[in-house]
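The values are calculated or read from the model by the stated rules, or taken from the named source; none is laboratory data. In this text, all values refer to a predicted model and were calculated from it rather than measured experimentally. Cβ: placed from backbone, ideal geometry, glycine included. Neighbour counts: every protein chain shown. Side chains are part of the model used for accessible areas, which takes the heavy atoms of the whole protein and leaves out ligands, DNA and RNA. Shrake-Rupley method; radii C 1.70, N 1.55, O 1.52, S 1.80 Å.
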Amino acid sequence: VRLLREQSARCRDILSKITELSSSGEPFDRMPLTALIEEVVAPHRNFGVIIEVSVPVERNAEPVGARNPAILYGLGNLLENAVDFARERVVVDALWSGEAVDVTITDDGPGFAPEIMDRIGEPYVTSRRRGPEDVNVEASGLGLGFFIAKTLLERSGATLSFENRAFPDRGATSKVRWSRSDFERPLTFAAS
């Protein structure tokens, strides 16, 4: 019951944050992808994990999209999870072409638990591992934040995929891809 109450409060906090993120306006209602990524990354710096942002050197034809609270929250949640699990480093890669916009978040933590790989992003599926040293530790969540983030990103037109890095590397990778037209669509016409 306590966990359900905590998760209900967390959902209220998420909705509050989304409302806060949407309270912008001209001239900040549209922004280049690199500025959007910096806005997502900024609150997660200085937590003892290096966050490296990698964008093309040539920023010609950089996509400019709506300052969409769904995208800001969704990417922020994926990044927060990566920072929580990383040992030392998280890398955020952004790439774009005339057809697509890609953001990939990679960490050097333990990776996704194999038993949940096919269900990541579903409600009540958490990527929080419980090892032998965690016997007296209660589960820290129900996986609702990740589910909400995934749902919001998908509603913005994105497709998501999750995988573990190939040995000898460690960690998890979350990939978010939009068609360029979906990413650049004004917020009032965002996919529903």
List, in order, the whole-Hz ³J(HN,Hα) value for each residue of segment 53-58 obtained from phi through the Karplus relation with A = 6.51, B = -1.76, C = 1.60 and θ = phi - 60°; use x for Gly and Pro.
10, 10, 10, x, 4, 7
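Extension gain Ser97-Arg45, at 0.36 nm per residue separation less the Cα-Cα distance, in nm?
15.9 nm is the gain from fully extending Ser97 to Arg45.
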Hits in segment 88-117: amide N under 20 Å from the 7 Å Cα→Cβ extension of Phe167, namely 107-117
Can you tell me the accessible area per residue over segment 51-122, all protein chains present, probe 1.4 angstrom, in square angstrom?
43
Counting only residues 5 or more places away or on other chains, whose amide H sits under 5 Å from the amide H of Ile51 once H atoms are built in the peptide plane?
Val90
Accessible surface of segment 31-93, 1.4 Å probe, proportion on carbon and sulfur as whole %:
51
Could you tell me the distance between the Cα centroids of segment 152-168 and segment 42-77, to the nearest Å?
15
If you bin the C-alpha pair distances of segment 62-107 every 5 Å from 0, what whole percents do you get?
5, 19, 25, 24, 16, 9, 3, 0
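So for segment 23-118, what percent of the C-alpha to C-alpha distances run longer than 24 Å?
In whole percent, the long-distance tail amounts to 27.
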Set the Förster distance to 22 Å, then compute FRET efficiency between Arg89 and Thr159 from the Cβ-Cβ distance, nearest 0.05.
0.30
